[in-house]
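A.B. asks: The structure follows.
The values are calculated or read from the model by the stated rules, or taken from the named source; none is laboratory data. In this text, all values refer to a predicted model and were calculated from it rather than measured experimentally. Note that each Cβ is placed from the backbone with ideal geometry, even for glycine, and that neighbours are counted across all protein chains shown. These area figures cover heavy atoms from the full protein model, side chains too; ligands, DNA and RNA do not enter into them. Shrake-Rupley method; radii C 1.70, N 1.55, O 1.52, S 1.80 Å.
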2 protein chains.
Amino acid sequence: MFVLYDLAARDGRRFSPTCWRVKLALAHKGLAFETVPTAFTAISSIHGFSKTVPIVEHDGRWLNESSAIAHDLDDRFPDRPTLFGGAEGRALSAFVESWVEATLHAQLVSFVVKDIHDHLLDEDRDYFRQSREQRFGKSLEAVVADREARLGAFQQSLAPLRLLLARQPFLGGTVPLYADYVVLGAFQWARSVSPFKTLADDDPVRVYLERLMDLHGGLAREAVGYPL
Amino acid sequence: MFVLYDLAARDGRRFSPTCWRVKLALAHKGLAFETVPTAFTAISSIHGFSKTVPIVEHDGRWLNESSAIAHDLDDRFPDRPTLFGGAEGRALSAFVESWVEATLHAQLVSFVVKDIHDHLLDEDRDYFRQSREQRFGKSLEAVVADREARLGAFQQSLAPLRLLLARQPFLGGTVPLYADYVVLGAFQWARSVSPFKTLADDDPVRVYLERLMDLHGGLAREAVGYPL
């Protein structure tokens with residue numbers, strides 16, 4: 001059994017995009033796992049080796065960092081469906097990850113950072129407000145204030161993904177790969193804590209995300225959150 | 001011997017980004033090729049099966065479309081260095097291609113379309129101006145007029161590539177793959193006809209492109225053009 005220390009907010013909400021990558025990767029490999037709901041302020045006390053989640057324990061082995069965990073799963077369970085397809089697929093997946101972080105995460109956090117705060121466990125609120133307000137150089141309220149006005153630029157920035165989806169159903173081609181879970185993780189993060197709607201109803205990116213949410217018994221869809 | 005019908009402008013300039021992908025892919029596989037300089041207005045008369053370059057002929061087989069040609073090279077010469085690393089790598093490379101086209105090509109053409117025109121062979125000029133002015137809905141001169149003002153947004157849009165390059169030297173990881181040639185093709189296109197400088201001297205993307213230009217005996221670097 002894999003044990004994932006999974007960042008948790010109130011009401012069972014699981015909002016970490018990188019923990020979502022790992023949950024979906026484990027499901028993709030058909031590996032059983034349980035999650036331990038974890039507060040931000042409790043992370044550093046888990047086995048004492050990582051300041052960030054995801055943290056995974058399996059048979060006494062401890063791992064952190066989502067891509068390193070996913071690489072390890074493909075290395076140790078080569079007979080199960082691949083997450084990368086070898087060294088070249090790992091390298092190329094790193095570009096998808098870079099695009100997701102520089103494009104999706106960077107904009108989504110500026111839409112939902114106040115909603116994250118409002119859904120946090122009590123013990124995390126002060127830490128979160130203080131660290132994020134320092135990072136942004138302004139109040140959480142000021143960060144999200146003009147989010148409606150920035151929605152058009154966000155939707156435009158999805159053009160590369162839309163062009164890809166006109167060519168094939170998944171980043172992985174005809175089947176999903178880890179790269180698809182990196183994209184879904186970003187949107188699971190936002191929708192777990194925020195009702196702010198970022199995609200038009202007829203956006204092909206929404207159709208794609210809905211398809212991903214149905215995978216693995218609806219693992220992502222069944223999570224506590226707001227509609228996409 | 002592979003024969004590539006390669007879009008040509010004056011003075012031996014070869015500006016097609018998709019033809020650059022194929023030249024670099026052939027060199028990557030260690031396959032000898034020659035190029036036939038080809039005018040825009042002559043494409044449809046080459047074997048009569050494609051309205052666009054690249055077109056490749058080898059042992060009586062005719063192929064078009066850059067990715068299809070590169071897939072074919074990996075299929076037929078599996079013992080030579082791979083361009084994709086299998087089905088997963090092909091699928092993930094398609095996202096790089098989508099990103100390059102939606103981000104790099106879309107902006108670069110709006111910087112250099114007038115420079116392309118000015119370097120074209122005489123027989124292509126009227127066709128090019130007419131078709132591109134129809135596409136943009138304005139004169140070539142109007143398209144490029146404010147390019148200096150749009151340079152900052154262009155450089156910002158390279159953030160995903162910059163983030164990737166902080167992690168690994170090539171999109172292919174420690175070695176270049178087809179995906180890297182798709183990126184280089186975009187910049188070879190621009191620099192073959194335009195002196196407009198799009199990257200700051202210390203931009204890691206420039207350092208990366210210089211590294212790519214040195215590959216395969218300086219194939220890209222030796223081409224007629226302006227400095228990057």
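A.B. asks: For B:GLU222 paired with A:SER110, estimate the spin-label separation in nm (one decimal), with each label point 7 Å from Cα along the Cα-to-Cβ line.
C.D. replies: Here the modelled spin labels are 4.6 nm apart.
A.B. asks: For segment A:103-177, what % of the accessible area comes from carbon and sulfur atoms, probe 1.4 Å?
C.D. replies: Taking all protein chains in place, segment A:103-177 shows 51 percent carbon and sulfur surface.
A.B. asks: How do B:TRP189, A:TRP99 stack up against each other in accessible area, from largest to smallest, with a 1.4 angstrom probe?
C.D. replies: Sorted by accessible area, descending: B:TRP189, A:TRP99.
A.B. asks: Something else: Taking a point 7 Å out from Cα toward Cβ as the label site, list the nm distances between B:GLN134 and the same residue in every other copy, smallest first.
C.D. replies: 6.0
A.B. asks: Projected onto the charge dipole of the protein assembly as shown (+1 at Lys/Arg Cβ, -1 at Asp/Glu Cβ, origin at the Cα centre), which of A:PHE111, B:LEU24, A:LEU24 gives the Cα projection farthest towards the positive end?
C.D. replies: Towards the positive end, the residue furthest out is A:PHE111.
A.B. asks: Can you tell me the accessible area per residue over segment A:1-146, all protein chains present, probe 1.4 angstrom, in square angstrom?
C.D. replies: 41 Å²
A.B. asks: Modelled label-to-label distance, A:ALA149 and A:THR41, 7 Å Cα→beta-carbon offset: nm?
C.D. replies: Using points 7 Å along Cα→Cβ, the separation is 3.5 nm.
A.B. asks: Can you compute the helix-only [θ] at 222 nm over the protein assembly as shown? Use -39500 (n - 2.57) per DSSP H run of at least 4 residues, normalise by all residues, nearest 500 deg cm²/dmol.
C.D. replies: Taking each H run of at least 4 residues, the total per residue is -15500 deg cm²/dmol.
A.B. asks: Under a crude label model (7 Å from the Cα following the beta-carbon direction), how far is B:ASP79 from A:PHE77 in nanometres?
C.D. replies: If labels sit at B:ASP79 and A:PHE77, their model points lie 3.7 nm apart.
A.B. asks: Given the options A:VAL205, A:VAL175, A:VAL109, which has the most mean-square fluctuation in a GNM of chain A, springs set between C-alpha atoms less than 10 angstrom apart?
C.D. replies: A:VAL175
A.B. asks: Which trypsin sites (Lys or Arg not before Pro) in segment A:30-85 sit in a loop by DSSP (not H, G, I, E or B) and have at most 12 other Cβ atoms within 10 Å of their own Cβ?
C.D. replies: A:LYS51
A.B. asks: Next question. In whole percent, what relative contact order does segment B:113-228 give with Cα contacts below 8 Å and a gap of six or more residues?
C.D. replies: 23 percent
A.B. asks: If r is the Cβ-Cβ distance from B:ARG135 to B:ASP214 and R0 is 35 Å, what FRET efficiency results, to the nearest 0.05?
C.D. replies: Given R0 = 35 Å and the Cβ-Cβ separation, E is 0.50.
A.B. asks: What is segment A:158-213 by shape, rounded, prolate or oblate, if you read a ≥ b ≥ c off the alpha carbon gyration tensor as root eigenvalues and call it rounded for a/c under 1.5, prolate for a/b larger than b/c, and oblate otherwise?
C.D. replies: Note, shape of segment A:158-213 comes out oblate.
A.B. asks: Also, I was wondering about something else. Need one number: the % of Cα-Cα pairs in the protein assembly as shown sitting beyond the 27 Å mark.
C.D. replies: Roughly 58 percent, once rounded to a whole number.
A.B. asks: Compute accessible area for segment B:91-110 by itself and then with all protein chains, 1.4 Å probe, and report residues whose area falls by 50 Å² or more.
C.D. replies: So the qualifying set is B:ALA91, B:LEU92, B:PHE95, B:SER98.
A.B. asks: Just to be sure I follow the rule: in chain A, considering lysines 8 or more places apart or on different chains, how many pairs have Cα atoms under 30 Å apart?
C.D. replies: Qualifying lysine pairs in chain A: 9.
A.B. asks: A further question follows. What are the residues whose amide H is under 5 Å from the amide H of B:ASP6, where those residues sit 5 or more places off or on another chain and H is modelled from the backbone?
C.D. replies: Sorted by chain and number, the residues that satisfy this are B:VAL36, B:THR38.
A.B. asks: Follow-up. Based on the Cβ-Cβ distance of A:ASP203 and B:ALA142, what FRET efficiency does E = 1/(1 + (r/R0)^6) give at R0 = 25 Å, to the nearest 0.05?
C.D. replies: Plugging the Cβ-Cβ distance into 1/(1 + (r/R0)^6) gives 0.20.
A.B. asks: A further question follows. Where in segment B:18-33 does the label zone of B:ALA68 land, with the point 7 angstrom along Cα→C-beta and an amide N cut-off under 16 Å?
C.D. replies: Answer for this model: B:18-19, B:22.
A.B. asks: Right, another one. For segment A:80-228, what's the radius of gyration and Dmax over Cα atoms, in angstrom?
C.D. replies: Using the Cα atoms of segment A:80-228, the pair Rg, Dmax is 16.2, 47 Å.
A.B. asks: When the Cα centres of segment B:151-190 and segment A:109-185 are compared, how far apart do they sit, in Å?
C.D. replies: 23 Å
A.B. asks: Report D for segment A:1-155 in µm² per second (integer): Stokes-Einstein, Kirkwood Rh on Cα pairs, 4 °C, 1.567 mPa s.
C.D. replies: 76 µm²/s
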